[in-house]
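Down below is the structure, laid out as structure tokens.
The values are calculated or read from the model by the stated rules, or taken from the named source; none is laboratory data. Note that this is a predicted model, so its numbers are computed, not measured. Cβ: placed from backbone, ideal geometry, glycine included. Neighbour counts: every protein chain shown. Just the protein is used for accessible areas: all its heavy atoms, side chains included, with ligands, DNA and RNA removed. Shrake-Rupley method; radii C 1.70, N 1.55, O 1.52, S 1.80 Å.
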Amino acid sequence: MRLVRLIIVFGWLLASSVVQAQTWPREERVPGGIAIIKIPQQSEAPPQVVFNKKRVYTAKKDGQWFAWVGIPLNQKLGKTQAYWRTRDGDLPLPFTVKNKDYAIQELKVAPKHVNLSAEDLARVRRETPELRGAMNNFRPVVLPLPSIVLPTEGRQSGSFGLRRVFNGESRNPHTGLDIAAPQGTPIKAALPGRVVAQNHYFFNGKTLVLDHGQGLTSLYCHMSRFADLKVGDEVKAGQLIGEVGTTGRSTGPHLHWTMSLNTARVNPSLFLQKAAN
Ligand SMILES: [Zn+2]
């Protein structure tokens, strides 16, 4: 009897440590947040869920499927719905998006990074579809998600969602988390995935994009140098992917880290155990 109880306790500890090791974001139903919605699908195959006509990441926890719905920063507040595609048609998954007041950040950068020359504008127009294509792709593979690795150690110098004003002019909101660190500090892959873009871009500088499957992607910008990787390579969580730098539109050495779900840029701190900002 005592032995049986011991086995049960040991089994529970093992199971709870397995659950702990799985990355599971915190929920925040706001623009730039994540709605986590239970899907009553019994089968082993991942359920098909769509939001704003984009396929949604699904993950299993304790035998139960959940959709991780990324909410874009420009999402209208109030009632909305994702859809679960079943044999009997699309079933609505309603949820409510609440307001979040993101702070304003004023920055001074080189004028050429705010008012672009015709040549630079042409370059940005070439580069944007390449980056968006890499970030917004839905690859129907289910990869294991071990504990997320903070990509670099340093001071959080810019939180997600800041409404940014460059040299007095309003520009797009901040779609990542900035971590200030000395030039050359290692940058690691947050999760296992495939390298889907690696290039030197006008705004983002030396940048790498990882695809973690099912529309979950991560972006790492402003690097001083890349690790020895190429597009198509598979990386493990924590693997070296580059070094901190200040290439592109940047005010000093830091890593800009973005996480994306169903083409929506979401707050990376929701994936960390401790809230960053
Ligand atoms: Zn940034």
- Note on the structure: Excluding residues fewer than 8 positions from Lys79 in its own chain, the lysines with Cα under 28 Å of it are Lys38, Lys53, Lys54, Lys60, Lys61, Lys98, Lys100
- Query: Under 15 Å Cα-Cα from Lys188, which aspartates and glutamates qualify once same-chain neighbours fewer than 8 residues away are excluded?
  - Reply: Glu153, Asp178, Asp211, Asp228, Asp233, Glu234, Glu243
- Item | Distance between the range 200-277 and the range 71-143 - C-alpha centres, whole angstrom | 15 Å
- Residue-count net charge about Asn99 - beta-carbon cut-off 13 Å; Lys, Arg +1, Asp, Glu -1: +2
- Would you mind checking the tilt of helix 118-135 against the longest principal axis of the Cα atoms of the chain, expressed as 0 to 90 degrees and rounded to 10? 10 degrees
- The computed P(r) of the range 147-270 puts the percent of Cα pairs beyond 23 Å at 23 percent
- Query: Helix 2-21 versus the longest principal axis of the chain: what is the Cα-based angle in degrees, 0 to 90, to the nearest 10?
  - Reply: 20 degrees
- Task: Taking the Cβ of Phe202 as the centre, find all other residues whose Cβ is under 11 Å away and add up their charges (Lys, Arg: +1; Asp, Glu: -1).
- Result: +2
- Item | For q = 0.15, 0.17 Å⁻¹, Debye-computed log10 I/I(0) when each Cα of the chain counts as one equal scatterer | -1.16, -1.42
- Message: Given the DSSP H assignment, sum -39500 (n - 2.57) over each helix run of at least 4 residues in the chain and divide by its residue total; what's the result at 222 nm in deg cm²/dmol, nearest 500?
- Response: -4500 deg cm²/dmol
- Task: For every other residue with a beta carbon closer than 12 angstrom to the beta carbon of Trp65, add +1 if it is Lys or Arg and -1 if Asp or Glu, then tell me the sum.
- Result: +1
- Item | Of all accessible heavy-atom area on the range 25-97, the percent that carbon and sulfur account for (1.4 Å) | 48 percent
